[in-house]
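Presented below is the structure to which this report refers.
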């Protein structure tokens, strides 16, 4: 296992604040936690982007949000509008869901164009494209990775965290083998313990969604001490 510093681990985490029942107070507390632990980003619901950007304005924690979430089935123009609005509100990163039904239908050109237009609307901000692997065959996952790269996406991401299953080490390896070295990998869904996060880091992820951020990083500090 690779030896990691605290910063290595913390800056892998996108602290997830996406559950529909979260209150504004929950979002505030989540942003404060993300700032205290100095993680990579918070990933908030679209309506919370401006609020999170204000709360984190004096922090180097980035603000990310989701587009076409969680099913990916919005028409492309709506995804583009969502992205443009997120940029206006202060989002630094975009996590979009590709059109799962189109992918499963073999409509690969349409999937690629859907991603490309969101990438363009993001105006240079990193776009992490969620494949939602729970619904895909291995061949579909590989094709999705190729289409993400062709469309200019910056990351391929395993899952929304809202499907029947989330990240697996096997999927991370498959995705890593299906893209060029410049395309990064994000895991999401089920990464709840430090040991699991470290396994995914060893497997090659650059980011991971997480809700148990404090527990994982407190454990890392304790082990390091």
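Readers should treat all values here as calculations from the given coordinates under stated rules, not as data from a laboratory. In this text the structure is predicted, and so the values were computed from the model without any measurement. All Cβ positions, even for glycine, are placed from backbone atoms using ideal geometry, and neighbour counts span all protein chains on display.
Looking across segment 145-197, the residues that are in contact (Cβ under 8 Å) with a residue 60 or more places away in the chain and either surrounded by fewer than 18 Cβ atoms within 10 Å (Cβ to Cβ) or in a loop (DSSP other than H, G, I, E, B) (or both) come down to 160, 161, 162, 163, 188.
When residue 47 is tested against (1) in a helix (DSSP H, G or I); (2) crowded, with 20+ Cβ neighbours inside 10 Å; (3) without any contact (Cβ under 8 Å) to a residue 40 or more places away in the chain, exactly one condition is not met: (2). Is there a residue in segment 107-126 that is more than 16 Å from residue 79 (Cα to Cα), out of contact with any strand residue (DSSP E or B) (no Cβ under 6 Å at 6 or more places or on another chain) and in contact (Cβ under 8 Å) with a residue 24 or more places away in the chain? Taking every residue of segment 107-126 in turn, at least one turns out to be more than 16 Å from residue 79 (Cα to Cα), out of contact with any strand residue (DSSP E or B) (no Cβ under 6 Å at 6 or more places or on another chain) and in contact (Cβ under 8 Å) with a residue 24 or more places away in the chain. Selection of helices (runs of 4 or more DSSP H) fully inside segment 69-135 by the criterion of at least 3 residues being closer than 22 Å to residue 175 by Cβ and within 18 Å of the chain's Cα centre (by Cα) returns 108-121.
Residues checked against (1) over 21 Å from residue 160 (Cβ atoms); (2) in contact with a helix residue (DSSP H, G or I) (Cβ under 6 Å, 6 or more places away or on another chain):
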| site | (1), (2) |
| --- | --- |
| 40 | no, no |
| 50 | yes, yes |
| 55 | yes, yes |
| 68 | no, yes |
| 83 | no, yes |
